[in-house]
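Participant: Take a look at this one; I'll ask things after.
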Amino acid sequence: MDFELTESQRMITNAAREIATEFGPEYWRKKEEKHEFGSEFWKAICDAGFLGIVIPEEYGGSGNGATDLFIAMENLAGYGCGMAGAWYLILSEVFGGLSILKHGTAEQKKKYLPALAKGDIEFCMALTEPNAGTNTLNISTTARKEGNNWIINGNKTFISGADRAQGMLIIARTSPCGSKGSKTSGLSLFLADLPNKAVEIEPIAKHAVNYSHSCTVTFNDLKLPENALMPPLDGGWHNVLDTLNPERMSFSALGVGIAHLAIRKAVEYARERKVFNNVPIGSYQALQFPLAESYSCLEAARLLNLQASVAYDAGKPSAEVGAAANMAKAIVVEHAIKAVYWAMQVYGGYGYAVEYDVERWWREINLIRLAPVTQQMTLAYIGERILGLPKSYQA
Ligand SMILES: Cc1cc2nc3c(=O)[nH]c(=O)nc-3n(C[C@H](O)[C@H](O)[C@H](O)COP(=O)(O)OP(=O)(O)OC[C@H]3O[C@@H](n4cnc5c(N)ncnc54)[C@H](O)[C@@H]3O)c2cc1C
């Protein structure tokens, strides 16, 4: 067991901190206010090679693995970018890069991976549906075969980055639920090129993270070539877990990052601000202890998340990866939200002012209890799959 960072991880850490310092809170405050994509930041992470961290050298990346990607996300988020530090990387490198790398055909890898590694294309993932929600097996978007084409119809919601992306991972039903044996069979994965006039995309007005739009997506007889299927037909559920687990780990990494950023700023403020008896407010244990408690719990969760990502990189079964990834996320949700809550408290009324940024981090951090998986479903996973308790609901 070795807790030391590798040489490449140290380089990624330093590069991420430099970029995050250049594109810090003030930059993202403006992008959030204007609902504008961070194109200068995007160029910086492309130039630093961050879009190719998981993509093998033969496709133009550095082939370093998901652990290195999460280290980049945590440091970008933690040294100034907040959620933005990981958001674009999740869309393009997890939904695009990792999913295609793990399960794409040779032809699909050749087509997408070099462009993803350079940042020449952006990606998104269309999984969530208005009527299925968390119950993914209940999705009703269908893909049917017509000659040599696939025809896709259905509605998706909250699809982040769909309005800008040139590529989309679509999860659709190719056979009725349960008709192919197991309950999880009948779902398939497809890769679609965008824009396409058969795909209607409408941004949803939302609470935060407005430097990227999350959209409703409607497929009206979207015609895709036969080779758009990411095999196997009807067996997409198990393969999509290889995208959903790293998505979870990404959210844990960025949650730790945002919490560290908020704690660091709060500590700076608490050391200076004096209200009674000419002593800094940071000396009051009512403020100090909750920050100390969350900081410690987040360190534990960070290590658990690294354990999950190392298992993922080693190709361990998704159940083993999922166990560590879900436990890490459960702790991060609890303590990153608490940490930002207490950072805001430290700032008193100024915590409510836009110029101190903590109110934006508060809006951002609250997303992690809702997406990519809600805290209840994470706890249900731990209760059922790790503790072996009975399931109270059916798909
Ligand atoms: C900003 C944002 C960006 C997103 N980006 C994407 C994206 O890019 N691609 C994508 O596919 N999706 C995306 N999502 C969707 C996200 O993954 C879902 O919103 C999330 O999985 C929850 O689904 P839901 O909103 O339908 O909640 P529901 O499933 O309707 O759940 C509602 C509530 O009921 C609770 N609940 C449901 N079932 C149970 C149960 N069995 N036991 C206990 N409690 C339960 C939930 O925990 C939750 O509190 C995004 C969402 C947001 C908000």
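The values are calculated or read from the model by the stated rules, or taken from the named source; none is laboratory data. Keep in mind that what you see is a predicted model, and the values were worked out from it rather than measured. Neighbour counts are summed over all protein chains in view; Cβ atoms, including those assigned to glycine, are modelled from backbone coordinates with ideal geometry.
Participant: Working only within the stretch 349-370, note down all residues that are surrounded by 15 or more Cβ atoms within 10 Å (Cβ to Cβ) and either within 12 Å of the ligand (Cβ to nearest atom) or not aromatic (Phe, Trp, Tyr) (or both).
Facilitator: Across the stretch 349-370, the qualifying residues are Gly351, Asp357, Val358, Glu359, Arg360, Arg363, Glu364, Ile365, Asn366, Leu367, Ile368, Arg369.
Participant: Give the residues of the stretch 124-160 that are within 7 Å of the ligand (Cβ to nearest atom) and crowded, with 22+ Cβ neighbours inside 10 Å, sorted by residue number.
Facilitator: Cys124, Met125, Ala126, Leu127, Lys156, Ile159, Ser160 - these are the residues of the stretch 124-160 that are within 7 Å of the ligand (Cβ to nearest atom) and crowded, with 22+ Cβ neighbours inside 10 Å.
Participant: Which residue pairs have Cβ atoms closer than 7 Å, lie 6 or more positions apart in sequence or on different chains, and pair a first residue in the stretch 366-395 that is closer than 24 Å to Ala126 by Cα and not assigned by TED's automatic domain parsing to the domain that holds Met344 with a second residue that is more than 10 Å from the ligand (Cβ to nearest atom) and not in a helix (DSSP H, G or I)?
Facilitator: Ala395/Lys183
Participant: Name the residues in the stretch 105-123 that are of a type in the set (Gly, Ala, Ser) and surrounded by fewer than 23 Cβ atoms within 10 Å (Cβ to Cβ), would you?
Facilitator: Filtering the stretch 105-123 for residues of a type in the set (Gly, Ala, Ser) gives 106, 115, 117, 119.
If the condition is that a residue be of a type in the set (Gly, Ala, Ser) and surrounded by fewer than 23 Cβ atoms within 10 Å (Cβ to Cβ), then Ala106, Ala115, Gly119 are the ones that fit.
Participant: Right, next: Which is touching a residue at least 60 places away in the same chain (Cβ under 8 Å) and under 19 Å from Gly315 (Cβ atoms), of Gly38, Gly65, Gly78, Gly52?
Facilitator: One residue alone meets the criteria, Gly65.
Participant: What number goes with the only condition from (1) in the same structural domain as Ala339 (by TED's automatic domain parsing); (2) within 19 Å of Phe158 (Cβ to Cβ); (3) surrounded by fewer than 19 Cβ atoms within 10 Å (Cβ to Cβ); (4) acidic (Asp, Glu) that Glu247 does not pass?
Facilitator: Of (1) in the same structural domain as Ala339 (by TED's automatic domain parsing); (2) within 19 Å of Phe158 (Cβ to Cβ); (3) surrounded by fewer than 19 Cβ atoms within 10 Å (Cβ to Cβ); (4) acidic (Asp, Glu), only one is false for Glu247: (3).
Participant: Moving to a separate point now. Name the residues in the stretch 193-236 that are away from the ligand (no atom under 14 Å from the Cβ), closer than 18 Å to Gly167 by Cα and surrounded by 18 or more Cβ atoms within 10 Å (Cβ to Cβ), would you?
Facilitator: The answer is Val199, Leu222, Leu224, Ala228, Leu229, Met230.
Participant: Can you tell me how many residues within the stretch 385-395 are in contact with a helix residue (DSSP H, G or I) (Cβ under 8 Å, 6 or more places away or on another chain), part of a loop (DSSP other than H, G, I, E, B) and more than 9 Å from the ligand (Cβ to nearest atom)?
Facilitator: Final tally of qualifying residues: 3.
Participant: Scan Ile159, Ile139 and give me the residue that is among the β-branched types (Val, Ile, Thr) and closer than 25 Å to Lys43 by Cα.
Facilitator: That would be Ile159, the only listed residue that is among the β-branched types (Val, Ile, Thr) and closer than 25 Å to Lys43 by Cα.
Participant: What's the number of the only condition in (1) within 16 Å of the ligand (Cβ to nearest atom); (2) buried (at least 19 other Cβ atoms within 10 Å of the Cβ) that Ile382 fails to meet?
Facilitator: If we test Ile382 against (1) within 16 Å of the ligand (Cβ to nearest atom); (2) buried (at least 19 other Cβ atoms within 10 Å of the Cβ), just (2) comes out false.
Participant: Okay, moving on. Among what's in the stretch 1-30 and is among the β-branched types (Val, Ile, Thr) and in a helix (DSSP H, G or I), pick the residue that is surrounded by the most Cβ atoms within 10 Å (Cβ to Cβ).
Facilitator: Ile12
Participant: Quick check on Ala270: is it part of a helix (DSSP H, G or I), of a type in the set (A, V, I, L, M, F, W, C), surrounded by 18 or more Cβ atoms within 10 Å (Cβ to Cβ) and in contact with a Leu (Cβ under 9 Å, 6 or more places away or on another chain)?
Facilitator: Numbers: part of a helix (DSSP H, G or I): yes; of a type in the set (A, V, I, L, M, F, W, C): yes; surrounded by 18 or more Cβ atoms within 10 Å (Cβ to Cβ): yes; in contact with a Leu (Cβ under 9 Å, 6 or more places away or on another chain): yes.
Yes; evaluated as a whole, the condition is true for this residue.
Participant: Go through the stretch 194-212 and report how many residues are in contact with a Phe, Trp or Tyr (Cβ under 7 Å, 6 or more places away or on another chain) and assigned to a strand (DSSP E or B).
Facilitator: Number satisfying all stated conditions: 1.
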